[in-house]
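Where a number appears in this text, it was derived from the coordinates with a stated rule and is not lab data. Predicted, not measured: the structure shown is a model, and the values here were computed from it. Quick reminder, even Gly has a Cβ in these numbers, built from the backbone with ideal geometry, and neighbours come from all protein chains shown.
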Amino acid sequence: MEKVIQIQKGQILQLNQLVLSDINLEVNSDELVFLIGKTGSGKSSLLKVLYGELGLDKGSGSVVGFPLNELNKRTIPQLRRSIGVVFQDFQLLMDRSVADNLYFVMRATGWKDKREMENRARTVLSMVGLENKGQAQPHQLSGGEQQRVSIARALINHPKLILADEPTGNLDPETSAEIMKLIIAVSKEEKAAVLMATHDMQMIEKFPGRVIRVEDGKLKALETMNRFDPFQPMFE
């Protein structure tokens, strides 16, 4: 079993402020792992380190085989070709069609052959149930459909790891459940691990995975039995 994330004794600084310390994290290739914690606790900062937006200040680690301490302008794009990222606010390019959003990412990650690009775009849109929406503009889609496009975009390069930052944060509960089912289904199809930052405790109850709580600048693994202690407030 491949370890897609390994961090030992890591530390993250942002704007010279200590965000997380003593980070020890391992995620296997077949896992669904939830990151929970208050807003500002460091969940997004950890994800940013994993896709090369922030550096690891201390310690060592690797993501899908790329050493975090050695990332540079050449290797960060290579890392991002091996992972998929799904954001809360979709981050679609609103001035072009759904298909053109996908082609933009393909060109940025080294795709050249037009027919191969068209085939892959059709495949990933079909995987998320939007095979007929390639020519639609993002503003013509519902929030749930826009998030499906962002999931399709994350799948383009057959990722070994999907990082999801509050992917249901802007969606109603019913749509959130659909998106969650979709992320799990496509991750299994692509054999990708999922690391998801979320506030949505109902999702965690419905879709069991490993739970890590970000609190007081540390990562704490939660056991199933004490995950939902009603006397322990989860968030402010």
Subset of K43/K133; K73/K191; K160/K220 violating a 31 Å alpha-carbon distance limit: K43/K133
Peptides 161-172, 133-144, 50-61 ordered by average Cβ neighbours within 10 Å, highest first: 161-172, 50-61, 133-144
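According to the square roots a ≥ b ≥ c of the eigenvalues of the Cα gyration tensor, what is the shape class of the chain, taking rounded for a/c under 1.5, prolate for a/b larger than b/c otherwise, and oblate for the remainder?
oblate
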Distant-in-sequence amide H partners of N28 (H built 1.01 Å from N, under 5 Å): V4
Among V63, V105, V27, residue whose mean-square fluctuation peaks in a GNM of the chain (springs only between Cα atoms under 10 Å): V105
The chain - percent relative contact order, Cα under 8 Å, separation 6 or more: 28
V85 long-range amide H proximity, modeled H, under 5 Å: L163
Candidates Q11, Q78, Q146, ranked by Gaussian network fluctuation over the chain, Cα under 10 Å, top entry: Q78
Computed [θ] at 222 nm, helices only, for the chain once each DSSP H run of length n ≥ 4 contributes -39500 (n - 2.57): -10000 deg cm²/dmol
The range 155-188-the range 1-18 distance, computed between alpha-carbon centres (Å): 23
